[in-house]
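Take a look at the structure set out below.
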Amino acid sequence: AQDHREHPEDFLTTTGILETQEVLLKDKMFYGKTIDTIKAESVNAEWALKKVVTAAREIFQSMSDPYLKERVVDVAHLSERIMQNLVGAVSVDISKIGRRVILVAPDLSPAETSQIQLERIKGFVTDKGGKASHTGILARSLEIPAVLGLDHATTDIKNEDLIIVDGSAGIVIIDPGEKTLIEYEERKTLYEEHKAAIRRGSKAPAKTLDGQRLAVLGNIERSEQVASVLDYGGEGIGLYRTEFQYMGRSDFPTEEELTDKYAETIEVASPRPVTIRTLDINGDKYIAAQSGQEEQNPALGLRGIRYCLQRPEVFRTQLRAILRAAVHGNVSVMFPMVATVREVLAAKQAVREAAKSLAQDNIAYNDSIRLGVLVEVPSAVMMADVLANEIDFFSVGTNDLIQYTLAIDRVNEKVAHLFRPLDPAILRMLKHLTDVAKEKNVQVFICGEMAGYPIHTPILMGMGMNGLSVNPQSIPSVKQMIRSIRMHETPALVAEALRLQSAEKVFQLLQSTYKDILEEIDQRKR
Ligand code: PEP
Ligand code: MG
């Protein structure tokens, strides 16, 4: 590449990413300044590089040309690679693993997990992470055995060790004896048979013994999963986590790409409903196109709707794609991480503007879609009556609601044992929200992982949830639970549970009330 430093804009708009990185690497801005900083400040190379990169990022970000502004991504990628070399980290490209293995890693990001190839990677174990993390959720939806947050898995397990990953019990057995191996082979066969049996009944509607119907829908991360939701007996998509289409790439997807994916999802599900959640990045889901903008408290940072409202062009692209795809079927849209009514008003305004711009461009769209709020921040529960005036439905995201209410980092294995959906504080929040929803005549769904456990189903029904959206493979057992209980008994159960003071006590109440049914569903084998 030629040296275009005099006119960087000419150069950068015409060259490829690798070339950009090569030039950056040779550039004085990086190389020279890093060396100068080491000399002048007597700091180590990593620190010097970090300082230089931060300054470089600011320069790129202050550029007015949106393309050049986005090149901050190249700066970030390059600095990450140099940094990896400096600290001696070896990076493995998961998508390139060529043989059948169990992956043992310090940590796996949601982006890495989404690249797992099922025919090669048979299970995974990590030192870090909790089961409510997106990595854990993805593992469940990939139906791959996984145990997260084992703390010293990477030191205890050596390459080529024979290990058993028991995802149901959350244990890993290193170097099992022959007896254990045979026992686990048998358990695996039983598990497969049990799953197949539950699945056979899964197409029947979810109707309680006294005739109450409840919608059971599926959560997906990729459009290809719609088929699996329908196959498991799901009645539509209750949560489409759209951010995964933004991961594992260094640019943002275009409106056309997004429109195609959404249209595909909606068409396959049609006439069943599809609830598209707008982009929920940051928190534990970084995208490369955004990399290098670390936050000290990402879970409390520029996440979900906050990010989209600050990046109107990114939001607009997604909203236009959703409205365009909505001509193919039955679509709802919900906004993540809403903490205030102002955010809802701004998001609705963005939807109106997206529709208007499509009309101006003469592009077909459908804006008769339902709009909802993903209730996952405690303030949204407290303000539910006000929010209800602005939207058509609520959907409770308990993964984050628990994180923010009980102050439990969902990706931190050290506090994973405190992550309790049946905590009285959570039950009170759910009760408050469902009461407000009833009063205000808006629908209320739940799409957090909590909804995927049959033991929770009677409580959620008793509170008056209009539908449950769960991991595809949890649909059959949740439907079986619904078919095994009586709706009219559930409000009393809720009242009793609300009088208890700990998650353990509520759990015992549910366990003893539904012991036989739960044993039949055998939730431990899920
Ligand atoms: C939730 O927070 O419960 C939720 C459904 O969203 P996510 O798990 O993607 O944060
Ligand atoms: Mg969430």
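Using a cutoff of 8 angstrom between alpha carbon atoms and counting only pairs six or more residues apart, the relative contact order for the chain works out to 13 percent.
Let a ≥ b ≥ c be the square roots of the eigenvalues of the Cα gyration tensor of region 185-243; is it rounded (a/c under 1.5), or, if not, prolate (a/b larger than b/c) or oblate? In terms of gyration-tensor shape, oblate.
Between His417 and Asp161, the contour length at 0.36 nm per residue exceeds the Cα-Cα span by 89.3 nm. Taking amide H as placed 1.01 Å from N in the peptide plane, Leu217 has its amide H under 5 Å from the amide H of Glu235, Leu468, Ser469, Val470, each at least 5 places away in sequence or on another chain. Of the trypsin sites (Lys or Arg not before Pro) found in region 225-266, those that fall in a DSSP loop while having at most 15 other beta-carbon atoms within 10 Å are Arg249. Using a simple spin-label model with pseudo-atoms 7 Å out from Cα toward Cβ, Lys51 and Arg311 lie 3.0 nm apart. Each of Thr513, Val373, Ala451 was scored by the projection of its Cα onto the charge dipole of region 368-526, and the greatest displacement toward the positive side belongs to Thr513; charges sit on the C-beta of Lys, Arg, Asp and Glu. Extending 7 Å from Cα along the Cβ direction at Glu504 and again at Asp435 yields two label points whose distance is 2.8 nm. Taken about its Cα centre, region 295-403 carries a charge dipole of about 280 debye when Lys and Arg each add +1 at the Cβ and Asp and Glu each add -1 at the Cβ.
DSSP loop (so not H, G, I, E, B), at most 11 other Cβ within 10 Å: list which chymotrypsin sites (Phe, Trp or Tyr not before Pro) in region 302-387 pass both filters. Passing sites in region 302-387 do not exist. Our estimate of slack between Ser357 and Thr189, defined as 0.36 nm per intervening residue step minus the Cα-Cα distance, is 54.9 nm. The residues neighbouring Leu498, those whose beta-carbon lies less than 13 Å from its own, together hold a net charge of +1 under the Lys/Arg +1, Asp/Glu -1 convention. Can you tell me how region 450-526 classifies by the Cα gyration tensor, rounded, prolate or oblate, using a/c under 1.5 as the rounded cut? Cα axes put region 450-526 in the prolate bin.
This model, with +1 at the C-beta of Lys and Arg and -1 at the C-beta of Asp and Glu, gives region 340-405 a dipole about its Cα centre of some 120 debye. Percentage of Cα-Cα pair distances in region 88-247 greater than 28 Å, rounded to whole percent? Cα-Cα pairs of region 88-247 separated by over 28 Å account for 31 percent. Taken per residue, the accessible surface of region 313-404 reaches 36 Å², heavy atoms only and a 1.4 Å probe. Simple rule: put +1 on each Lys or Arg Cβ and -1 on each Asp or Glu Cβ in region 272-359, find the dipole, and look at His328, Ile305, Gln318; the Cα lying farthest toward the positive end is His328. The three principal axes of the C-alpha atoms in the chain carry coordinate ranges of 77, 66, 41 Å, sorted with the longest axis first. Between the listed residues Ser502, Trp47, Leu209, the Cα displaced farthest toward the positive end of the dipole of the chain, a dipole computed from Cβ unit charges relative to the Cα centre, is found at Leu209. For the pair Ser379 and Val101 in one chain, pulling the backbone fully straight at 0.36 nm per residue adds 95.7 nm over the alpha carbon distance. Take each peptide in 450-459, 149-158, count the other Cβ atoms within 10 Å of every residue, and average; sorted highest first, the result is 450-459, 149-158. Reported to the nearest whole Å, the Cα centre-to-centre distance from region 131-179 to region 28-52 is 41. Only the Cβ atoms of Lys and Arg (+1) and of Asp and Glu (-1) were treated as charged; on that basis the dipole of region 177-321 about its Cα centre amounts to roughly 540 debye.
Expressed as a whole percent, the accessible area of the chain that falls on carbon and sulfur atoms is 52 (1.4 Å probe). Take 110-119, 332-341, 439-448 and order them by the average number of nearby Cβ atoms within 10 Å per residue, most first; the result is 332-341, 439-448, 110-119.
The packing ranking of peptides 168-174, 388-394, highest mean first, is 388-394, 168-174, where packing means the average number of other beta carbon atoms within 10 angstrom of each residue.
The values are calculated or read from the model by the stated rules, or taken from the named source; none is laboratory data. These numbers come from a predicted model, not from an experiment. When we count neighbours, we look across all protein chains shown, and the Cβ atoms used for this are built from the backbone with ideal geometry, even at glycine. Surface accessibility is based on the protein's heavy atoms, side chains included, excluding ligands, DNA and RNA. Shrake-Rupley method; radii C 1.70, N 1.55, O 1.52, S 1.80 Å.
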